[in-house]
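Below is one structure, written out as structure tokens; the observations come after it.
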Amino acid sequence: MMPKKSRVVLWGAALFLAWNGLLLLFLWSRPAPLPGSPSSHLPSQLIRLAQDAEAELERQKELLQQIHHLSGLWQQRRRQKPAVTPSSPPKTPSVAPSEPGVPVLPVLVLACDRSTVRRCLDKLLLYRPSARRFPVIVSQDCGHAETARVIASYGDAVAHIQQPDLSDIAVPPEHRKFQGYYKIARHYRWALGQVFRTFRYRAAIVVEDDLEVAPDFFEYFQAALPLLRADHTLWCVSAWNDNGREHMVDPSQAELLYRTDFFPGLGWLLLAELWDELEPKWPRAFWDDWMRQPEQRRGRSCVRPEVSRTMTFGRKGVSHGQFFDQYLKFIKLNDRFVPFTQLDLSYLKKDEYERSFLPRVYSAPEVRVEELQGNRRRDLGAVRLQYRGRDAFKAFAKALGLMDDLKSGVPRAGYRGIVSFVYRGRRVYLAPPQDWTGYDPTWS
């Protein structure tokens, strides 16, 4: 289709020629005047007509020159225009085909106004084993110029797309202070739509601009992808352990993975099929807590590591540092490369996992919280601390330094209500009774 500006140039030229043609036709078609008639004054009329025509031609000439000038500027700006702008659809990242049998797994980085996104991108690009298999797409909201310059400085190493809608969102009066959460949810929806609808990837890893990744971050997700596709009781793979503070994990078991009913986020893998399910009902705000509701989780679990493969350095944000000073800044980031693609992860499939994990938990000797705090009964090895009810769980969690909040009744990092962690150097399972029948959403 002809560009709009080119059409204007052609119309201007056509108008110019048409005017002159009409003028000549008028002159040639007039009859010769009779002597003494009013038309005998034709020479003077022709002079005036010629003068008017000359003036009109000058105006047409100026108009044509302006059209040509504007057309030249438009062509020049078109040549200089970047590949992706907020007002135009982004181009698919230029990624070469992957090796046969190895899927392309993009990393979507959600950014806003943190120029420290450089720390996140530097580690992603340092550790990724292949630009073909792991393209990095940075989706920026907020329109922050300095952050945009930082992202642009990486050139072709990353694809930079920008959220086109930066307007404020109408929110209920009681949610005015939560405007940021509404914008985050809007950005997530748009960015995930670009990955799965525009770029048509079949899976994606999602991180935010304040996360630093571990050396085996890509190895972990590459190995977990086939598991996620094969086991329909899983709906995500996360790099995060909510209770992953250094003194509460076992770094010597960095290869250890768990199932969890709690959606961890903070570096997570999802399939396009899940986005097909979630996109039509995506929430206007608080998307992560919405993901933790029974209506979305539908009894499914995520995979999470013993030792986190991400850590957050973003204290400042819409949550105003909630949990950061008490928990998040102490999360242990794995520093030992684990060759996950060479390991058998089939133990994480639901039936196999419950055949091994549940007997291990409920065969562990039960102890009292005072015994744990007093570091007694060390000879027992792994132990179990049993809770009944919401208040007991929260009391034990606070006493032992765990995150004690529940979302839709699910404890952080919990599976069937069981939270596994290390306390004073030994494995502890904070667990409900063995006849546990399910989560109670009223515990939130």
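The values are calculated or read from the model by the stated rules, or taken from the named source; none is laboratory data. From a predicted model like this one, the values you see are computed outputs, not experimental measurements. Note that we place each Cβ from the backbone using ideal geometry, even for glycine, and neighbour counts take in every protein chain shown. All accessible areas refer to the heavy atoms of the entire protein, side chains included, with ligands and DNA or RNA removed. Shrake-Rupley method; radii C 1.70, N 1.55, O 1.52, S 1.80 Å.
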* Which one of these does residue 243 not meet: (1) over 22 Å from the mean Cα position of the chain (by Cα); (2) surrounded by fewer than 20 Cβ atoms within 10 Å (Cβ to Cβ)? -> (2)
* Asked: Looking at (1) within 23 Å of residue 289 (Cβ to Cβ); (2) touching a Phe, Trp or Tyr at 6+ places or on another chain (Cβ under 8 Å); (3) not in a loop (DSSP other than H, G, I, E, B), which is the only condition residue 404 fails?
  -> (3)
* To do: Please note which strands (runs of 3 or more DSSP E) are completely contained in region 291-392 and include at least 3 residues that are in contact (Cβ under 8 Å) with a residue 24 or more places away in the chain and not assigned by the TED database to the domain that holds residue 277.
  => 383-386
* **Per-region count, region 265-274, residues in contact with a Lys or Arg (Cβ under 8 Å, 6 or more places away or on another chain) and open to solvent by 10 Å² or more (accessible area, probe 1.4 Å)** => 1
* Of all residues in region 250-266, which are in a loop (DSSP other than H, G, I, E, B) and either small (Gly, Ala, Ser) or under 24 Å from the mean Cα position of the chain (by Cα) (or both)? -> 254, 261, 262, 263, 264, 265, 266
* Is region 214-225 home to any residue that is assigned by the TED database to the domain that holds residue 268, outside any helix (DSSP H, G or I) and touching a strand residue (DSSP E or B) at 6+ places or on another chain (Cβ under 6 Å)? -> yes
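Filter region 267-290 for residues that are assigned to a loop (DSSP other than H, G, I, E, B) and not basic (Lys, Arg) and give the result.
As a first pass, look at region 267-290 and keep what is assigned to a loop (DSSP other than H, G, I, E, B): 267, 282-286.
Answer for region 267-290, where residues must be assigned to a loop (DSSP other than H, G, I, E, B) and not basic (Lys, Arg): 267, 282, 283, 285, 286.
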* **Pairs, first free of Cβ contacts under 8 Å to residues at least 60 places away in the same chain in region 148-164, second surrounded by fewer than 20 Cβ atoms within 10 Å (Cβ to Cβ) and not in a loop (DSSP other than H, G, I, E, B), C-beta under 7 Å, six or more apart** => 150/118; 157/125
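Test residue 252 against the criterion of being among the hydroxyl-bearing types (Ser, Thr, Tyr), out of contact with any Asp or Glu (no Cβ under 9 Å at 6 or more places or on another chain) and surrounded by fewer than 19 Cβ atoms within 10 Å (Cβ to Cβ), and give yes or no. Steps first, please.
Details: among the hydroxyl-bearing types (Ser, Thr, Tyr): yes; out of contact with any Asp or Glu (no Cβ under 9 Å at 6 or more places or on another chain): yes; surrounded by fewer than 19 Cβ atoms within 10 Å (Cβ to Cβ): yes.
Criteria met by residue 252.
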* Looking at (1) touching a residue at least 12 places away in the same chain (Cβ under 8 Å); (2) open to solvent by 70 Å² or more (accessible area, probe 1.4 Å); (3) basic (Lys, Arg), which is the only condition residue 427 fails? -> (2)
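May I ask you to say which residue of 323, 313 is in contact with an Asp or Glu (Cβ under 6 Å, 6 or more places away or on another chain) and under 25 Å from residue 251 (Cβ atoms)?
Working: 323 fails: in contact with an Asp or Glu (Cβ under 6 Å, 6 or more places away or on another chain).
313 is the lone residue from the list that is in contact with an Asp or Glu (Cβ under 6 Å, 6 or more places away or on another chain) and under 25 Å from residue 251 (Cβ atoms).
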* Give the residue that is surrounded by the fewest Cβ atoms within 10 Å (Cβ to Cβ), with candidates limited to residues of region 316-360 that are modelled with pLDDT of 95 or more and β-branched (Val, Ile, Thr). => 341
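Listed here are the residues, each with its yes/no results for (1) open to solvent by 70 Å² or more (accessible area, probe 1.4 Å); (2) charged (D, E, K, R); (3) touching a Pro at 6+ places or on another chain (Cβ under 7 Å).
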| residue | (1), (2), (3) |
| --- | --- |
| 106 | no, no, yes |
| 110 | no, no, no |
| 117 | no, no, no |
| 120 | no, no, no |
| 124 | no, no, no |
| 128 | no, yes, no |
| 141 | no, yes, no |
| 150 | no, no, no |
